[in-house]
Amino acid sequence: MHHLVLLPCICTALTAAGLAQTAAPVSPPPPLVPGPEAHQFDFWIGDWEVFNSQGQLIAHNKIEVVAGGFALLENWKVLPALGGGTGKSLNSYRRATKQWQQYWVGSGGRTTEYKGGLVDGRMVMVAEQVQANGAIFLTRGTWTPNADGTVRQQFENSNDGGKTWQPGFDGLYRRKKSQI
């Protein structure tokens, strides 16, 4: 008989304790803020016209800040007269590895994962690629900010593990002029 009297008292005490816990405000943790490393690639942010080494306009590329400042999103678009290919990359600094990484995917289905970092004021990232025959080659991308506000982007390939490099893409990024 005593057990029946205690049950309502225990339930009331548990309910009161639960209400007391939910009534206390819980402050959320402070938002994460990107460290200075997350800004090393800021020179690439912008709306660009891209020219090949002969000075011909070949593409447009918009680089924007995303994910609360933790990443850059690239939006690549080749001119229609040159094939009209598109691509996107997500670029971010990984604190755990102390490296920048880029994940690229193009409209042709090619995906590439680059890793690297800032070297003498230039962003340098390398990717291992596998050819159809299974052979591995390296691709190195270098982004160089120039004093005039342009950015030079170069890609080179190596079939000997990085001992020698053959030139590939060489583009000059010029900011689009503001439209009034």
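We did not get these values from a lab; they are worked out from the coordinates using the rules stated. None of these values were measured; they are calculated from a predicted model. Cβ: placed from backbone, ideal geometry, glycine included. Neighbour counts: every protein chain shown.
Brief remarks on what is shown
- When each of LYS98/LYS177; LYS62/LYS115; LYS115/LYS176; LYS77/LYS163 is checked by Cα-Cα distance, pairs over 30 Å: LYS98/LYS177; LYS77/LYS163
- Expressed per residue, the C-alpha convex hull volume of the chain stands at 268 Å³.
- Computed magnitude of the charge dipole of the chain (debye, nearest 20; Cβ of K, R +1, Cβ of D, E -1): 120 debye
- Count Lys and Arg as plus one, Asp and Glu as minus one, and take only other residues whose Cβ is under 15 Å from that of GLN166; the net charge is then -1.
- In this simple spin-label approximation, TRP165 and ASN52 carry label points 7 Å from Cα along the Cα→Cβ vector, and these lie 2.1 nm apart.
- The amide H of ARG152, built 1.01 Å from its N in the peptide plane, has THR144, ASN146, TYR173 as neighbours under 5 Å, considering only residues 5 or more places off or on other chains.
- A simple rule links phi to the HN-Hα coupling: the Karplus curve 6.51 cos²θ - 1.76 cosθ + 1.60 with θ = phi - 60°, which for segment 52-63 gives 7, 5, 8, x, 8, 5, 10, 7, 10, 8, 10, 10 Hz, with x for Gly and Pro.
- Counting only DSSP H runs of at least 4 residues, each contributing -39500 (n - 2.57), and dividing by the residue count of the chain, the helix-based mean residue ellipticity at 222 nm comes to -4500 deg cm²/dmol.
- Segment 36-175, relative contact order in percent, only Cα pairs under 8 angstrom and at least six apart counted: 17 percent
- Couplings 3J(HN,Hα) of segment 142-147, computed from phi: 10, 10, 10, x, 9, 4 Hz, in residue order, whole Hz [Karplus 6.51 cos²θ - 1.76 cosθ + 1.60, θ = phi - 60°; x for Gly and Pro].
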